[in-house]
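A.B. asks: Just dropping this structure here.
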Amino acid sequence: KIFMNTLKYLQSNEFLLDVDLRRLFANLEELNKISLSFLKSFFETVKEHVSKSDSPTDFSSILRKFFQGDLCQTHQIYCLNYTSAVFYLENLRQREDFGIYLKQWCEQNKQCKRLHLPELLVAPLHRLTRYPLLLNNIWKRSTDETEKGFIWALKEKVEKSIRDLEGKVKWLDNFQKFRQLQEVIIWPQVWDRDKRFFVPECLKQNLRENSSENILSSVNRLLLHEGRLTLAESTRLLDVYLFLFDDFLLITKIKRNKKKYGGSDTSLIPVCPSLAPELQSFIREGGFCTVLDQPIPLDRLILKHVDPVHVTVFSLRNAFLIQHENKYRQCIAVFLLQAQTDTVKKTWMSQIEMAISNYTTRHETKSSTAFCYPAESSEI
């Protein structure tokens, strides 16, 4: 509330007017109000029981009022906004005027106990997960069987609500991540990727691959692993960045912004906090990733360990080979990759092997299900 009220005060004095209070703090005021109301009612009941030890403690009415009311729902609204708020905050923190507001106006307040805003924003998420523990402790100490049954049912309802919320938060986090990747990953036209293909200028407009960017728009796709490696070409070593998804591998060339310190301020580019730190730093520098070759489907990917003896002549270490096959099992591309350390190499190989295994299992299950349970005719 210190951060929120200070921002309100500054905005009332014509400062930081472009900062969206709701986007940053969501429904924090409503959440504070209902949480405080619950705590006051709860402790009043405890206090009454302590002062009148002979009277039974009735938690049922309080728990029914709040847990069947708006307490969990209010938390859910806040939690669903959390990922977006952190994303927004990371962007704002790059600004000098916003930095002054955080450090000089808020963080120096003794009530903050040296905590920063990101550490405080996550607190309501932690509180929500503690409610089932509270309900479980009350259930253990309850002696009335009817009350015990009610509290247990309430606890299970809250736990289910949290599980559902976790799924929604993960989905939103994944959506934010892929939306950022769509901006960072550049898909060159086929004639730019491979000089073998000649297309006259008059025909290029008809062959534009506008759908390439939409590959990353699927809400069901997952990014399993990512990182920087080195690709060995015939005459040079090339810095590449690999994205391992749950259905294909994408190899991209790293393009750094040579005008980092001139022109527009690239440090203000909003960066999704769930991306790898290396990629976050890279994006802030104004860099991007250009797709080197077509995506490699996991069922067409052959992974091979390279013995150090075989690549000594090229001064390569920690190398492994990725082979791309077409549907006729012909090799259409080969990538000799080098990791920074042996540990990084082993991690990449294990991640790719696991992804291939999971992809194969998933598709075998779908095939067997389709075979065993054919669609029923509408005429039957």
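A.B. asks: Do you know which residues across the stretch 46-62 are surrounded by 14 or more Cβ atoms within 10 Å (Cβ to Cβ) and either touching a helix residue (DSSP H, G or I) at 6+ places or on another chain (Cβ under 8 Å) or at pLDDT 90 or above (or both)?
C.D. replies: In the first step, residues of the stretch 46-62 are kept if they are surrounded by 14 or more Cβ atoms within 10 Å (Cβ to Cβ); the result is 49, 57, 59-60, 62.
Matches in the stretch 46-62: 57, 59, 60, 62.
A.B. asks: Output the number of residues of the stretch 233-244 satisfying the condition of being crowded, with 19+ Cβ neighbours inside 10 Å and over 14 Å from residue 276 (Cβ atoms).
C.D. replies: Step one: of the stretch 233-244, the residues crowded, with 19+ Cβ neighbours inside 10 Å are 240-244.
Retained after the next criterion (residues that are over 14 Å from residue 276 (Cβ atoms)): 240.
The number of residues fulfilling the criteria is 1.
A.B. asks: Of the numbered conditions (1) touching a Phe, Trp or Tyr at 6+ places or on another chain (Cβ under 9 Å); (2) loosely packed, with under 15 Cβ neighbours inside 10 Å, residue 42 satisfies every one except a single condition; which is it?
C.D. replies: (2) is the only condition that residue 42 fails.
A.B. asks: Please verify whether the stretch 289-312 includes one or more residues that are modelled with pLDDT of 90 or more, within 30 Å of residue 98 (Cβ to Cβ) and not assigned by the TED database to the domain that holds residue 96.
C.D. replies: yes
Residue by residue, here is whether (1) assigned by the TED database to the domain that holds residue 172; (2) under 30 Å from residue 18 (Cα atoms); (3) open to solvent by 30 Å² or more (accessible area, probe 1.4 Å) holds:
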residue: 64; (1), (2), (3): yes, no, yes
residue: 78; (1), (2), (3): yes, yes, no
residue: 81; (1), (2), (3): yes, yes, yes
residue: 85; (1), (2), (3): yes, yes, no
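A.B. asks: Still on this structure, I have one more. Mind checking whether some residue in the stretch 345-353 is in contact with a helix residue (DSSP H, G or I) (Cβ under 7 Å, 6 or more places away or on another chain) and in contact (Cβ under 8 Å) with a residue 40 or more places away in the chain?
C.D. replies: Residues of the stretch 345-353 in contact with a helix residue (DSSP H, G or I) (Cβ under 7 Å, 6 or more places away or on another chain): none.
Checked against the condition, which is being in contact with a helix residue (DSSP H, G or I) (Cβ under 7 Å, 6 or more places away or on another chain) and in contact (Cβ under 8 Å) with a residue 40 or more places away in the chain, the stretch 345-353 yields no hits at all.
A.B. asks: Can you pull out the residues in the stretch 16-39 that are loosely packed, with under 15 Cβ neighbours inside 10 Å and not in a helix (DSSP H, G or I)?
C.D. replies: The answer is 17, 18, 20.
A.B. asks: While we're here: How many of the residues making up the stretch 324-350 are surrounded by fewer than 16 Cβ atoms within 10 Å (Cβ to Cβ) and more than 17 Å from residue 226 (Cβ to Cβ)?
C.D. replies: 10
A.B. asks: Considering only residues of the stretch 127-174 that are open to solvent by 90 Å² or more (accessible area, probe 1.4 Å) and closer than 21 Å to residue 85 by Cβ, which is modelled with the highest pLDDT?
C.D. replies: 130
A.B. asks: Looking at (1) outside any strand (DSSP E or B); (2) open to solvent by less than 90 Å² (accessible area, probe 1.4 Å), find the lone condition where residue 179 falls short.
C.D. replies: In the conditions (1) outside any strand (DSSP E or B); (2) open to solvent by less than 90 Å² (accessible area, probe 1.4 Å), residue 179 misses (2) alone.
A.B. asks: Condition first: touching an Asp or Glu at 6+ places or on another chain (Cβ under 7 Å) and free of Cβ contacts under 8 Å to residues at least 60 places away in the same chain. Can you find one or more residues in the stretch 164-181 that meet it? Reasoning before the result, please.
C.D. replies: Pass one, the stretch 164-181, residues touching an Asp or Glu at 6+ places or on another chain (Cβ under 7 Å): none.
No, the stretch 164-181 has no match at all.
A.B. asks: Hey, any hits in the stretch 112-120 for a residue that's at pLDDT 90 or above, open to solvent by 90 Å² or more (accessible area, probe 1.4 Å) and over 27 Å from the mean Cα position of the chain (by Cα)?
C.D. replies: Looking for residues that are at pLDDT 90 or above, open to solvent by 90 Å² or more (accessible area, probe 1.4 Å) and over 27 Å from the mean Cα position of the chain (by Cα), one finds none in the stretch 112-120, hence no.
A.B. asks: Report, by residue number, each residue of the stretch 272-319 that is among the β-branched types (Val, Ile, Thr) and either open to solvent by 30 Å² or more (accessible area, probe 1.4 Å) or in contact with a helix residue (DSSP H, G or I) (Cβ under 8 Å, 6 or more places away or on another chain) (or both). Spell out how you get there, then give the answer.
C.D. replies: Residues of the stretch 272-319 among the β-branched types (Val, Ile, Thr): 283, 290-291, 296, 302, 306, 309, 311-313.
283, 291, 302, 309, 312, 313 - these are the residues of the stretch 272-319 that are among the β-branched types (Val, Ile, Thr) and either open to solvent by 30 Å² or more (accessible area, probe 1.4 Å) or in contact with a helix residue (DSSP H, G or I) (Cβ under 8 Å, 6 or more places away or on another chain) (or both).
The values are calculated or read from the model by the stated rules, or taken from the named source; none is laboratory data. Predicted model only: the values in this text are computed from it and were never measured. Using ideal geometry, Cβ is built from the backbone for each residue, glycine included, and neighbour counts are taken over all protein chains shown. To get the accessible areas, we keep the full protein, side chains included, count just its heavy atoms, and leave off ligands, DNA and RNA. Shrake-Rupley method; radii C 1.70, N 1.55, O 1.52, S 1.80 Å.
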